[in-house]
1. If a residue has to be within 20 Å of Gly148 (Cβ to Cβ), of a type in the set (Ser, Thr, Tyr) and surrounded by 12 or more Cβ atoms within 10 Å (Cβ to Cβ) to count, how many in region 1-48 make the cut?
2. Answer with yes or no whether Ile35 is more than 20 Å from the chain's Cα centre (by Cα) and either without any contact (Cβ under 8 Å) to a residue 24 or more places away in the chain or on the phi > 0 side of the Ramachandran plot (or both).
3. If you go through region 52-80, how many residues are closer than 19 Å to Asn4 by Cα, without any contact (Cβ under 8 Å) to a residue 40 or more places away in the chain and part of a helix (DSSP H, G or I)?
Amino acid sequence: MQYNIHPIFVHFPIALLCLYSIIQIIPFKKWLPKIAWTDVGLIMLVVGVLGAFVALMTGDIAEEMVRANDSLVELHAFFAGASTWLYGALLIGELSRIITAQSFIGKVSLQKAKAVLVIIKKILHDSFFAKIIVVVALLSIGMTGLLGGALVYGTTADPFTGIVLKIFGIAI
């Protein structure tokens, strides 16, 4: 007998990644400067992205077990994948920040690798583009949750579900 373990793994990454996004959007660093927000965010992002990849894998298993509207399942899977990869890109930006830190980068002898990491850091960490990715990722994970709720509770459980499904042309 197979079990649908997907619901066990989805909620924790969603919570962590949403909190990470909120920390990045709202200026907590300015209001509460004594807290190491960068470290808090990094931990949330690492655990959240790893959990999101586990949720993606268990979602593939759940897709085979659940008999739901194929269009709805595919749209849910698309937004889940997009969310995971967007947050993964943000994680790459955070890791490039750590790697390019002066104390660490001196140990790396490859100049081209250093240059690439600096470019990645400029694009994916503390830039306007990174803030846009955070907002898009948060919207994407919200859409994933909305569609997941529609799969579990039906399309009438949430007042926004009908609107979203009409936008994407999915018949209720």
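1. 2
2. yes
3. 10
For every residue, the table says whether it meets (1) at pLDDT below 90; (2) assigned to a helix (DSSP H, G or I); (3) within 30 Å of Val66 (Cβ to Cβ); (4) of a type in the set (Phe, Trp, Tyr).
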position: Val108; (1), (2), (3), (4): yes, no, no, no
position: Lys122; (1), (2), (3), (4): yes, yes, no, no
position: Asp126; (1), (2), (3), (4): yes, no, no, no
position: Lys131; (1), (2), (3), (4): yes, yes, no, no
position: Val152; (1), (2), (3), (4): yes, yes, yes, no
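The values are calculated or read from the model by the stated rules, or taken from the named source; none is laboratory data. If you're wondering where the values come from, they're calculated on a predicted model, not measured in any experiment. Virtual Cβ from ideal backbone geometry, glycine too; neighbours counted across all protein chains shown.
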